[in-house]
Amino acid sequence: MTENPWLIMLINMTIVFGVLIVLGILMVLIHAVDPTKKVQGKKKPVVAKPAASAAASKRQDEEKVAAMAAVLALVQDEDDMIAAALTAAIAEHKKKMEPMALPHHFF
């Protein structure tokens with residue numbers, strides 16, 4: 001057995017990279033003969049949708065703006081609720097911690 005650390009490192013790295021190369025080749029072979037791959041046939045032609053009218057487009061924009069405003073209001077309400085809960089928890093903690101009956105000796 002050898003005790004040379006450089007030779008041990010070289011042997012280990014050769015084994016590691018050899019295994020990686022074999023796994024890479026195996027992945028390429030599996031990818032080449034993949035039985036689950038869908039056969040690509042002719043693609044269907046894409047049918048263009050008719051353009052929306054200006055009024056419909058404006059209405060959709062207004063609906064998007066209303067939805068965004070509702071989400072922002074909900075988030076703001078959640079923030080207010082979280083802030084109130086944290087304030088109450090801090091006040092409760094302070095109430096429990098203030099009347100400490102510890103001796104005031106300094107050792």
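All of the numbers you see were taken from the coordinates with simple rules; none came from a lab. This one's a predicted model, so the numbers in the text were calculated from it and none came from an experiment. FYI the Cβ positions are ideal-geometry reconstructions off the backbone, even for glycines, and counts take in every protein chain you see.
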For this session: Return the sequence-ordered ³J(HN,Hα) values of the stretch 29-40 in whole Hz as given by the Karplus equation 6.51 cos²θ - 1.76 cosθ + 1.60 applied to θ = phi - 60°, using x for Gly and Pro.
Result: 5, 5, 5, 6, 10, 5, x, 8, 5, 6, 6, 7
Seminar exercise, completed: For F17 and H31, extending 7 Å from Cα along the Cα-Cβ vector and measuring point to point gives, in nm, a value of 2.1
Exercise. Which of rounded, prolate, oblate describes the stretch 1-90, given a ≥ b ≥ c as roots of the alpha-carbon gyration tensor eigenvalues and a/c under 1.5 marking rounded, otherwise prolate only if a/b is larger than b/c?
Worked result: oblate
Problem set entry | K58 versus V71: modelled label distance in nm, points set 7 Å from Cα along the beta carbon direction | 2.5
